[in-house]
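Heads up: the structure comes next, in structure tokens.
Nothing in this text is a laboratory measurement; each read-out follows from the coordinates by a stated rule. Quick caveat: nothing in here was measured; it's all calculated off a predicted structure. Counting neighbours? That spans all protein chains shown, and the Cβs are built from the backbone with ideal geometry, glycine included.
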Amino acid sequence: MDVDDRLAQVTVMGAAGKMGCGISLLLAQEMARLQSRQENSAKTYRLTLIDVRQERLADLLGYIETQSAKQASRNMEALRSLYQGLEDEQVVRAFVADTLSVVRTATDYRQAQDSRLVFEAVPETEQLKIETLRWLKGTCPDDAFFLSNTSSIPIEFLDREAGLDGRIVGFHFYNPPTVQELVELISARTTRPELARLARELGQRLHKRLVPSRDIAGFIGNGHFIRDALHAIREAERLRSRFDECEAVYALNRVSQEGLLRPMGAFQLMDYVGIDVFSSILLVMARHIQGETFRADLIDRMVSKGVMGGQRADGSQRDGFFRYDGRQPVSVYSVERESYEPLRSLDRIDRALGPLAEVEWKGLLRDPDRARRLAAHFARLASMDTLGAQLTTAYLQASRRVGEKLVSDGIAGSPEDVNTVLTKGFQHLYGPFDEYGPAGMTKSQFLMTNGSGRRGI
């Protein structure tokens, strides 16, 4: 059975969730394209979107309608060949109608009974995923294939616990799935070769950049992110000998954003993902990886206080380590005082860190002169004997060590795969194995200093 045959009947479990919405839209549009082809006129394509929240399913249909209209307008030239003889406005309406025509919604998992391709996108909890996959195994045809959007749970473990006999592969989209180019493809030792081949072809059809990862908890993306964030937490704890809790968290967030020139700081990223989700991934990695410590007292204390971060249904940011005005942090949380402290009151830590960046991540994102400007940024920090420069150096060294571990453990097939995941999935300007360009100090030279030309830190 080829990809077209599998795509005739598809189910998304957890369709109304943050990731499920985007996965549902991508599949609905691909299935609509297949349906609209003349050679498929006699075929019926059906995408069943299942979620326990009926009200969210109604919102999902509205999302698919709105986003399909936008996609049609942006891809008009390609769609004209499918809708010959129609005016542009008619093409948009036709594509939206065709996209919605393949979709049905349900709250009962038994509606997946005819699907031979199932995407699992329920929350990142081992027991919930296992129970969901068990239900689906008992409901779907015996030859159904399952693609799990898990970002951390080993696929072979899910296969064994759900009894899927190799009919599962990891297909980890990045948030938001409709925008992010990257998909991590995780084949377990038990994954059937024909499923791995199908997943690769499907990824290509969805115009995704596929990066293979070995089936080790956390894979490449969270394998780096979790260890990288734990470095930030440990460094914040180390700073507690000089600064209070709010100042320490703020300092490492600023260093990891401005010093490293990332889209957001480490603690902001934990807020974005969800502190509770971060905690769950720590537990998964601790359970499945021996010889490493995946524990953070600060995370446990935040969860115990009910300060979770994460995103609301409309995409707005919930308060976590930071309180937000839109996407902008305005205050930082003190676990000890159970209150938020305004960022404007933290000028003492700003003075202690010293200047960091003269350019922002966004300003370099599409800059053709990026390499030279990155090199100049790090050369400038290397010439400074400040706390901020030293913390940046230590962070770069930690990021490089994590990348090297992912390669040496065989989780990533090459340094380039690590770089690709971080630049395409996390939108970093560079990967841990990249050099910063032909001008100024290279990353390797910078890592040999402590920000003042001296070796070590």
> Counting DSSP beta bridges with both partners in the chain, what percentage is antiparallel, nearest 5?
Replying inline: 35
> Short version: ³J(HN,Hα) in whole Hz for each residue of the stretch 115-128, in order, from phi by Karplus 6.51 cos²θ - 1.76 cosθ + 1.60 (θ = phi - 60°), x for Gly and Pro, what are they?
Replying inline: 7, 9, 9, 10, 9, 9, 9, 7, x, 6, 10, 3, 5, 5
>> Using the Cα centre of the chain as the reference point, and only Cβ charges (+1 on K/R, -1 on D/E), how large is the resulting charge dipole? Debye, rounded to the nearest 20.
In response: 680
> Could you give the dipole magnitude of the stretch 172-297 about its Cα centre, charging the beta-carbon of Lys and Arg +1 and that of Asp and Glu -1, in debye to the nearest 20?
Replying inline: 580
> Structure shown: which of K70/K208; K70/K424; K362/K424; K18/K424; K137/K208; K18/K70 lie over 25 Å apart, alpha-carbon to alpha-carbon?
Replying inline: K137/K208
> So how do T66, T178 line up by other beta-carbon neighbours within 10 Å, fewest first?
Replying inline: T66, T178
>> So if I take the centroid of the Cα atoms in the stretch 210-247 and the same for the stretch 406-434, what is the distance between those two points in Å?
In response: 15
> Pick the calculated Kirkwood radius over Cα pairs in Å for this structure from (i) 24.1; (ii) 23.5; (iii) 22.2?
Replying inline: (ii)
>> Name the residue from F433, A248, S316 whose Cα lies farthest towards the positive end of the charge dipole of the stretch 221-447, charges +1 on Cβ of Lys and Arg and -1 on Cβ of Asp and Glu.
In response: F433
> Using alpha carbons only, what's the Rg to Rh ratio of the stretch 3-213 with Rh from Kirkwood?
Replying inline: 0.96
>> Nearest 10 degrees is fine. How inclined is helix 275-288 to the longest principal axis of the chain, computing both from alpha carbons?
In response: 90
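Would the stretch 318-361 count as rounded, prolate or oblate if I go by the C-alpha gyration tensor, calling it rounded below 1.5 in a/c and otherwise prolate when a/b exceeds b/c, oblate otherwise?
In terms of gyration-tensor shape, oblate.
For the pair S316 and A58, what calculated FRET efficiency results from E = 1/(1 + (r/R0)^6), where r is the Cβ-Cβ distance and R0 = 22 Å, to the nearest 0.05? All intermediate terms of the calculation are to be shown ahead of the outcome.
Working: r = 19 Å, r/R0 = 0.89.
The formula returns an efficiency of 0.70 here.
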> Could you state the number of Å between the C-alpha centres of the stretch 47-88 and the stretch 110-129?
Replying inline: 23
>> To make sure I understand, if each residue's beta carbon is the centre and we count other beta carbons within 10 Å, what order do R312, R56 fall in, fewest to most?
In response: R312, R56
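Do the sum for the chain: with -39,500 (n - 2.57) for every DSSP H run of n ≥ 4, divided by all residues, what is the mean residue ellipticity at 222 nm, to the nearest 500 deg cm²/dmol?
-14000 deg cm²/dmol
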> Which aspartates and glutamates, on any chain, are close to K129 with Cα under 14 Å apart, when same-chain ones fewer than 8 places away are left out?
Replying inline: D51, E120, E156, D159, E161
> To the nearest 10 degrees, how steeply does helix 193-205 sit against the main Cα axis of the chain, on a 0 to 90 scale?
Replying inline: 80
> Once a ≥ b ≥ c are taken as the square roots of the eigenvalues of the Cα gyration tensor of the stretch 228-270, is the result rounded (a/c under 1.5), prolate (a/b larger than b/c) or oblate (a/b not larger than b/c)?
Replying inline: prolate
>> Please list log₁₀ I(q)/I(0) at q = 0.07, 0.14, 0.15 Å⁻¹ for the stretch 221-447, using the Debye equation with identical point scatterers on the alpha-carbon positions.
In response: -0.21, -0.91, -1.05
> Computed FRET efficiency, Cβ-Cβ of Q127 and I289, R0 22 Å: what is it to the nearest 0.05?
Replying inline: 0.70
> Taking 0.36 nm per intervening residue step and subtracting the Cα-Cα distance, what contour gain separates E338 from D108 on full extension?
Replying inline: 78.7 nm
>> How would R167, R134 line up from fewest to most surrounding beta-carbon atoms within 10 angstrom?
In response: R134, R167
>> Please list, in order along the stretch 362-367, the HN-Hα scalar couplings obtained from phi with the Karplus expression 6.51 cos²θ - 1.76 cosθ + 1.60 (θ = phi - 60°), rounded to whole Hz, x for Gly and Pro.
In response: 4, x, 9, 4, 10, 7
> How large is the charge dipole for the stretch 95-199, taken about the Cα centre, if only the Cβ atoms of Lys, Arg (+1) and Asp, Glu (-1) carry charge, to the nearest 20 debye?
Replying inline: 160
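Gain in length, E77 to E358, computed as 0.36 nm per residue apart minus the alpha-carbon separation, to one decimal in nm? Let's see the in-between values first.
Numbers: separation 281, 0.36 × 281 = 101.16 nm, distance 4.12 nm.
Between E77 and E358, full extension yields 97.0 nm more.
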